[in-house]
1. Need the full-extension length gain, Q342 to D247, defined as separation in residues times 0.36 nm minus the C-alpha distance. One decimal, nm.
2. Can you give me the solvent accessible area of V70 with a 1.4 Å probe, rounded to the nearest 10 Å²?
3. First compute the accessible area of the range 293-412 with a 1.4 Å probe, then give the percent of it belonging to carbon and sulfur atoms.
4. Per residue of the range 493-505, in order, report the coupling 6.51 cos²θ - 1.76 cosθ + 1.60 (Karplus, θ = phi - 60°) as ³J(HN,Hα) in whole Hz, putting x for Gly and Pro.
5. Express in Å², to the nearest 10, the accessible area of E17 obtained by rolling a 1.4 Å probe over the protein heavy atoms while all chains stay in place.
6. Taking a threshold of 20 Å on the Cα-Cα distance, which of the pairs K290/K434; K208/K351; K208/K237; K208/K290; K52/K290; K103/K237 fall above it?
7. What is the calculated FRET efficiency for H42 to S71, with r their C-beta to C-beta distance and R₀ = 35 Å, to the nearest 0.05?
8. Which value, in debye to the nearest 20, gives the size of the charge dipole of the range 52-93 about its Cα centre, when Lys and Arg are +1 and Asp and Glu are -1 at the Cβ?
Amino acid sequence: MHRALTIPELFCLIVNEAGGDRRLSVDTRTLVALVLTCRTFHEPALDVLWEKQYRLVRLIQCLPDDLWMVSTSSHPPRKTLMLREPTRPTTELDWVRFDFYAKRIRQLHYGVRSIYPPENDFGTVSESERLFCWLFTSRPSRNPLPSLTTLRWIVRETFDSHACAHMLFGPRLSRIYIDAAYEAMPTASQIIVPTLHHLPRCSPEVQKLELQVLWEPSTESIGVEILMSLERLKVLKFMLTMSMVPDVLPRLATLSSLTELWLSVQYMDTGDQDDEDITMPDVTFPALTKLSLQTDYMSQSNVFLRICCFPRLQELYIRVEKVESTELDSEDLATMVRLISQCCAHTVLEKINVQIDGDSSEQLFSAVSLRPLNVFRRLRILEIGADLHFLLDDNTVRDMATSWPCLEYLELWVLAPPQSLTPTTLEGLMHLAKHCPSLQTLAINVDTSRPITTPLSELDGSHCNHVLDDLSTVHSPVLGDPSEIGAVLNAIFPNLTCVNEDEIDEIRDSWRPVEEAMRKLRDGCQSEDTA
């Protein structure tokens, strides 16, 4: 054996590379070959091979075959591992092979449909509920999966082994993802709460918890109490109704280690008070650095922003899936922008992403309404998606560019304003090139029909951005001279090679002559340099 393989870190890298992209599937054949190659690779390759499991089929097959049997059904075609009846008492010898592999499992996906994992990973085989329960009750003093760190559990209405599910909790468990299948959603919280009661005692080190479950009134307070006992919790994904907000938000803010919060507010027609009428003292999240807020209505998002304070927030994501009327309201978006500037620290926030779904509106969103965001001097990313007509003139773009010197991504996926108004022109893009040297991606409506007043001879190095390589003009086709437009873009964005690569054919095709003009200019410069 080569001396290099005596370095544990080196052959672990080899094994991990041989395992392929484990986010998709493991290269089983290569890993098995490594297991059989030599003792050096044996243990590390086995660890990778067993690290992530879907259900417990492979593990159960490590038990003596007189403890289980295979049942086959044709509609739909699948195989199920069943507990062989009558069951016999087990001995320590029966569990030796089981424990040898079980200690290597660090991620378990449970309750998923048969499409997971891939076909070469027992995709059509599952274990029965009775066998699952027996597996965890036959040795009540032993944790079958002592090294488990990540658990993904899909709660299904037809799955009757929830009473034993808490035995998957262990001292090393740090990430838990619990999702309710559609058919189980109405009663999922009643199923999950008894299991979660064991979490603080069995897995006190949990740092990430995602609960895609809609809480019922009878269980919501219990669920929140359990969350409050997880002192090391850093990341939480939680679903709630607006009626829960006054009680839940202040308590979540007391989690001193919480740095990432994902909240999904579900609409419940319960006759509760209007969102606008919810009043409560301001809530401060002292450690939160990332907030993702998903609501059904813009008014709900604005309630959260109005009552909360985020002194250390770096990333803010807001998604509104509905609107209060058939059209978007530009005033609601203006209110949201103003509230963001009030609840977040101006020297800390770096990323803002606002996506609003809804029918197209003829309303204009004035550039004045975006000015409150200019206070975020460290802003790196701004993404806004809404079917509103954004009115951004060159002066507004200049103010944005000078306010955000660290800007890397600016994406305004919005409707173009009517041509009778003054929109952003190529002059506005010059401000971004001059004041945002780190800008990599730009999506903005641009009016190319207006004449360019700044001579190309004045576009010196201070107006040049050498980083930007992705430009989208959203809904704006070429309306001017392609050669002149290409000359300006080549001067201010010399690294730009294509425009509107992912846009609709009509927009993309109109910019092809501009790209050709830019290519000719660059080829000419290269020829001169060579000469």
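1. Full extension of this stretch gives 31.9 nm more.
2. 70
3. About 44 percent, which is the carbon plus sulfur part of the accessible surface.
4. Whole-Hz 3J(HN,Hα) from phi for the range 493-505: 10, x, 8, 7, 10, 9, 10, 6, 4, 10, 8, 5, 4.
5. 140
6. Violating the 20 Å limit, Cα to Cα: K290/K434; K208/K351; K52/K290; K103/K237.
7. Working: r = 34 Å, r/R0 = 0.98.
It comes to 0.55.
8. 320
The values are calculated or read from the model by the stated rules, or taken from the named source; none is laboratory data. Worth saying up front: this structure is predicted, and the values here are computed from it rather than measured. Ideal geometry is used to build each Cβ from the backbone, glycine not excepted, and the neighbour counts take in all protein chains shown. In case anyone asks, the SASA skips ligands and DNA or RNA and just uses the protein heavy atoms, side chains included. Shrake-Rupley method; radii C 1.70, N 1.55, O 1.52, S 1.80 Å.
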